[in-house]
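Structure record follows, encoded as structure tokens.
Nothing in this text is a laboratory measurement; each read-out follows from the coordinates by a stated rule. This one's a predicted model, so the numbers in the text were calculated from it and none came from an experiment. No Cβ is skipped: glycine too gets one built from the backbone with ideal geometry, and neighbour counts run over all protein chains shown.
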Amino acid sequence: MFGPFVHKLNKGGLDDIVANGRLLSTTAAGTAGGGDGVRAHQGSFQDLYRFHGWAVRPDPNEIFIEFKTAHQPLVVGPPHRHSMVRWLLDAGQYLLITITGVYNGCGQRLS
């Protein structure tokens, strides 16, 4: 298993993600690198929460999924402990995951 990773929900789908253990591949905007795939940050939610400053402007409506997967990602950008990673999947395909936590933008564990 690879991980942990953290995926921030941008387009909803929490119920499907939790019920089926999968993330949907989508086409990213140019600001997110463009192309099809599933994107996430490498590392645990707690580490990333501090590292990326999400705690600076907490938002209880933001949802983050912490997970592991059997599929190795591609590291995007300079490799470091909190690198962005991507799984190259056509839009509409799913990445199977094992959820290790669901958090809101205030750092509260939801499940």
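Tell me the label-point distance for the pair Ala70, Ala91, using the 7 Å Cα-to-Cβ offset, in nm and rounded to one decimal.
2.8
If you count, for each residue, the other Cβ atoms within 10 Å and average over each peptide, how do 89-98, 10-19, 35-44 line up from highest to lowest?
Ranking, from highest mean packing down: 35-44, 89-98, 10-19.
Residue-wise, which Karplus ³J(HN,Hα) couplings in Hz belong to region 93-103, taking 6.51 cos²θ - 1.76 cosθ + 1.60, θ = phi - 60°, and x for glycine or proline?
Values, residue by residue: 7, 10, 9, 6, 9, 10, 6, 10, x, 10, 10 Hz.
Add +1 for every Lys or Arg and -1 for every Asp or Glu among the other residues with Cβ under 15 Å from the Cβ of Thr26, and state the total. Before the final figure, lay out each step's value.
Details: positive: Lys8, Lys11, Arg22, Arg39, Arg86; negative: Asp16, Asp36, Asp90.
Here the count lands on +2.
Under 13 Å from the Cβ of Arg39, count the other residues' Cβ atoms, weight Lys and Arg +1, Asp and Glu -1, and hand me the total.
Its environment carries a net charge of +2.
Only counting other Cβ atoms within 10 Å, I'd like Met1, Met84 sorted with the fewest neighbours first.
With the sparsest Cβ surroundings first, the list reads Met1, Met84.
Need one number for the chain: average projected area of the convex hull over its C-alpha atoms, nm².
Hull-based average projected area comes out at 6.5 nm².
Give, in nm to one decimal, the length gained when the segment between Ile99 and Arg57 is fully stretched (0.36 nm per residue of separation minus the Cα-Cα distance).
Full-extension gain reported as 12.6 nm.
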